[in-house]
Amino acid sequence: MVVNGRLLLDGGAPLLPHMKRVGVDPGAIDAVFLTHFHGDHTLGLPPFVLHRVFIDQRPLTFIGPDGVEERLEALWEVSWGQDWTKVMRPKFNVTYSTAEQSGTVAGYEYETIKLDHGSSGSNGYRIHINGRVLAYSGDTEPTAPLDALVDGADVAIVEATGPGDVFSHMSFDAATALKHRHPKTRFMFNHLYSGTVDGAVTDLQVIEV
Ligand SMILES: [Zn+2]
């Protein structure tokens, strides 16, 4: 998800070609909020980083859970080996920021809420944009912290993985119940693995808020 052409929320594949297809400039992203480090949320990042190393070197900040710098630098090293360290890293205009309970990154105020997901958990974010609040869950179980994350938000982007039993994720029933508990919030459901649910967004969709 890209917000206002400036904020990237997680980075699953195929990130870079999708940005180009919807007319998002990969060089204009100034902050990347990572909820956790699972591959379906991070493995689109290497081609995007390639763009930010060789094509457009504007400043870029990654914000994520503890270990964000070590985890991402390890991913870049797996991707390019010694060429990363010797040639590419010196050209990369990057800042890594560990998410605090609340803070400001790249000019955006945010709060972090720890959500339940697998062994690592997931950082949910409330991001303040032009006086509005965008809540973003990443992956989560339908537990109490998720309600705190979306409470009073103008827009909530929340995962809804599939029908029935979806281990460590949101089922369609849980997503629908969450939406009904917060009727003033506009929900957009993503991360669908099979089927669909009311409020789901689709790949390459552009939404005006
Ligand atoms: Zn995950």
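The values are calculated or read from the model by the stated rules, or taken from the named source; none is laboratory data. Computed from a prediction, not measured in an experiment: that's the story for all the values here. Reconstructed Cβ throughout: ideal geometry from the backbone, glycine too, with neighbour counts over all protein chains shown. Protein only, heavy atoms only, side chains kept; ligands, DNA and RNA dropped before computing areas. Shrake-Rupley method; radii C 1.70, N 1.55, O 1.52, S 1.80 Å.
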Pair list, Cβ under 8 Å, 6 or more apart: the stretch 54-65 residue under 15 Å from T112 (Cβ atoms), other residue open to solvent by 100 Å² or more (accessible area, probe 1.4 Å) and not in a strand (DSSP E or B): G64/R71
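Quick one: in the stretch 97-110, of everything that is open to solvent by less than 40 Å² (accessible area, probe 1.4 Å) and at pLDDT 95 or above, which residue is farthest from the chain's Cα centre (by Cα)?
In the first step, residues of the stretch 97-110 are kept if they are open to solvent by less than 40 Å² (accessible area, probe 1.4 Å); the result is 97, 99, 103, 105, 108, 110.
Going one step further and asking which of them are at pLDDT 95 or above, we end up with 97, 99, 103, 110.
Working: S97: 14, A99: 13, G103: 17, Y110: 13 Å.
Result: G103.
Among the residues in the stretch 22-33, are any under 16 Å from L75 (Cα atoms), aromatic (F, W, Y) and either touching a Cys at 6+ places or on another chain (Cβ under 9 Å) or outside the structural domain of S168 (by TED's automatic domain parsing) (or both)? If you could, list the steps in order and put the result at the bottom.
From the stretch 22-33, those under 16 Å from L75 (Cα atoms) are 32; that's our starting set.
So of that shortlist, the ones also aromatic (F, W, Y) come out as none.
No, because not a single residue in the stretch 22-33 is under 16 Å from L75 (Cα atoms), aromatic (F, W, Y) and either touching a Cys at 6+ places or on another chain (Cβ under 9 Å) or outside the structural domain of S168 (by TED's automatic domain parsing) (or both).
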Any hit, the stretch 31-39, residues being buried (at least 21 other Cβ atoms within 10 Å of the Cβ) and small (G, A, S): yes
Test: residue in the stretch 77-89 that is surrounded by 15 or more Cβ atoms within 10 Å (Cβ to Cβ), closer than 19 Å to A153 by Cα and of a type in the set (A, V, I, L, M): no
First in the stretch 131-142 and in the same structural domain as F189 (by TED's automatic domain parsing) and open to solvent by 10 Å² or more (accessible area, probe 1.4 Å), second anywhere and of a type in the set (A, V, I, L, M) and more than 14 Å from the ligand (Cβ to nearest atom), Cβ under 6 Å, 6 or more apart: V133/A153; L134/I127; L134/V155; P142/A174
Whichever residue in the stretch 176-206 is within 16 Å of the ligand (Cβ to nearest atom) and surrounded by 17 or more Cβ atoms within 10 Å (Cβ to Cβ) and, among such residues, is farthest from N4 (Cα to Cα): L192
